[in-house]
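See structure below.
The values are calculated or read from the model by the stated rules, or taken from the named source; none is laboratory data. What you are looking at is a predicted structure, and each value in this text was computed from that prediction instead of being measured. Here the Cβ is made from the backbone with ideal geometry for all residues, glycine too, and neighbour counts use every protein chain on show. Remember, those area values only see protein heavy atoms, side chains included, never the ligands or the DNA or RNA. Shrake-Rupley method; radii C 1.70, N 1.55, O 1.52, S 1.80 Å.
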Amino acid sequence: MTIQFWYVRHGETLFNRKGRIQGVCDSPLTDTGIEQAKKTAEALEDQPFDRIFVSSSGRAKETAAYLLHGRKQEMEVLDDLHEMDFGRVEGSRFTSHMDQLRTCFAMGDFTSLGGESEDQIQKRIDHAFGTIQRTCRDGDRVLIVGHGMYERIFMHHILGVDMKKLEDERAKERRNDIPTASIMTFSYDQGRYQLLTLPIESERYHPQQHDKTVHFYFMRHGECLFNVWSRMQGVSDSPLTEKGKHEAVVTTDALAGIPFDAVYTSPLGRAWKTCEMVMTKHHELQMKICDGLKEVNVGDFEGVVTNDWKDEIHERHLRKGWKDVGGESIDEVAMRIHTTLQHIIAQSKDGDTVLLVSHGNYYCNIMRNLFHIDRDELFERAREKGRQAIPNGGIARFDWQKDHFELIQPMMDPEEFWNQKRA
């Protein structure tokens with residue numbers, strides 16, 4: 001079994017600010033702590049989680065509420081994640097009882113004060129993570145919201161981190177070894193835990209590279225009225241024709257039996273209406289509207305007859321873009337494609353198969369930006385093989401392989417795809 005973990009310490013609390021000891025006692029997040037929690041939520045917004053386990057302490061649940069904003073999952077409170085019990089010194093300032101505190105912290109044992117020892121914490125850690133392992137599925141991504149001392153003992157006991165060395169290194173940088181609202185990542189694989197990144201502030205956090213494989217099927221919408229009338233159509237829209245609906249049905253049959261894990265569609269009607277038909281063969285899934293898949297905005301050229309502006313349109317497709325006429329530049333489209341695909345990859349698990357329903361010009365820009373095949377070359381290759389370059393209802397395939405994209409199959413019409421699939 002493999003599980004990926006993100007461990008977040010709660011945001012700054014009133015007792016943190018006042019320098020008071022806080023274990024099983026509690027205090028609310030300060031304004032700074034709330035801001036920290038929001039920034040950590042922002043740093044993790046593109047990271048999907050399958051399970052979210054939270055300490056029973058109020059400060060941890062308050063932090064988790066900000067991290068869960070906009071997510072469908074609910075927090076699962078796990079009492080064994082609560083902070084160390086510091087006994088009779090709970091709520092005291094760190095500057096009081098200094099000799100006693102120094103001895104207890106050095107020994108990792110507060111039982112003389114009616115609290116817990118590190119050995120007891122280790123048993124709680126083993127029990128908590130045993131519960132997590134038993135209830136998670138292979139490949140799950142798990143968020144944990146907890147506490148600093150608990151995390152410190154976990155890092156030493158489970159991950160083998162030299163905490164004295166970490167404290168010294170962070171002290172040189174005038175940083176806390178485990179900052180409030182910090183993010184630590186580690187993994188569990190076949191019975192062993194491995195540290196991936198030490199606890200760091202949200203502004204220093206960089207998402208992990210998507211070390212996974214994701215299989216993409218890209219489908220163009222069926223024929224629509226503006227296609228028939230040879231009018232430019234970017235963010236403007238027109239309904240599917242009867243032929244377009246038939247093309248969507250043929251593509252739906254061609255894609256039947258492919259075990260998609262997720263389906264994303266452009267928000268434009270001609271795309272999501274096509275996608276609705278595809279979903280009739282994939283009842284177990286719900287299509288997701290994705291603004292990043294909408295067609296290229298061609299500005300003032302929306303709705304113009306293509307034959308009247310043939311050379312100008314060709315030049316803009318290749319080099320000029322549409323920025324000066326109120327649309328998108330070539331670079332803006334490239335950035336939108338990159339951001340959209342990376343977001344979808346982040347949402348996917350290793351080995352997932354994803355369907356994208358989008359548009360012809362968008363596909364041409366994918367080919368240029370991911371595979372360095374410009375529009376003229378794309379159309380020339382298609383002509384050499386006796387096929388259309390971007391047929392309505394057409395299907396293309398490409399993969400994300402660990403750190404790069406690989407083209408599997410340029411777009412072909414659904415009949416050819418169906419025959420190839422059967423061969």
Task: Mean separation of Cα contacts under 8 Å, 6 or more apart, over the residue count of the range 35-90: relative contact order % - done: 40 percent
- [ ] Within the set of other residues whose C-beta is less than 11 Å from the C-beta of Val249, count the net charge using Lys and Arg as +1 and Asp and Glu as -1.
- [x] 0
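Please report the relative contact order for the chain, taking Cα pairs under 8 Å with a sequence separation of at least 6, and give it as a percent rounded to a whole number. Spell out each step's value before the answer.
Details: 805 pairs, mean separation 72.4, N = 423.
That works out to 17 percent.
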Task: Highest average packing first - 129-137, 68-76, 263-271, Cβ atoms within 10 Å - done: 263-271, 129-137, 68-76
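Rounded, prolate or oblate: which one fits the range 151-216, using the alpha carbon gyration tensor with axes a ≥ b ≥ c (rounded when a/c is under 1.5, else prolate when a/b beats b/c, else oblate)?
Values: a/c = 2.94, a/b = 1.46, b/c = 2.01.
The shape class here is oblate.
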Open item on the list: Over 18 Å between Cα atoms: which of Lys212/Lys349; Lys281/Lys402; Lys245/Lys310; Lys61/Lys349 fall into that group?
Closed with: Lys281/Lys402; Lys245/Lys310; Lys61/Lys349
Open item on the list: Relative contact order for the range 288-423: what percent, with Cα pairs under 8 Å and sequence separation of 6 or more?
Closed with: 19 percent
Task: Size of the chain as Cα extents on the principal axes (Å, biggest first) - done: 87, 47, 32
TODO: Specify whether the C-alpha gyration tensor of the range 197-318 places it in the rounded, prolate or oblate class, a ≥ b ≥ c being the square roots of the eigenvalues: rounded for a/c under 1.5, otherwise prolate if a/b is larger than b/c and oblate if not.
DONE: oblate
Open item on the list: Quick check on the chain: helices-only [θ] at 222 nm, where DSSP H runs of length 4 and up contribute -39,500 (n - 2.57) each and the sum goes over total residues. Nearest 500, please.
Closed with: -11500 deg cm²/dmol
- [ ] Roll a 1.4 Å probe over the protein heavy atoms and report the accessible area of Glu35 in Å², nearest 10.
- [x] 90 Å²
TODO: Could you tell me what percent of the accessible area of the range 298-349 is made up of carbon and sulfur, with a 1.4 Å probe and every protein chain present?
DONE: 52 percent
TODO: Specify whether the C-alpha gyration tensor of the range 1-85 places it in the rounded, prolate or oblate class, a ≥ b ≥ c being the square roots of the eigenvalues: rounded for a/c under 1.5, otherwise prolate if a/b is larger than b/c and oblate if not.
DONE: oblate
- [ ] Over the chain, give the accessible area per residue in Å² for a 1.4 Å probe, as an integer.
- [x] 48 Å²
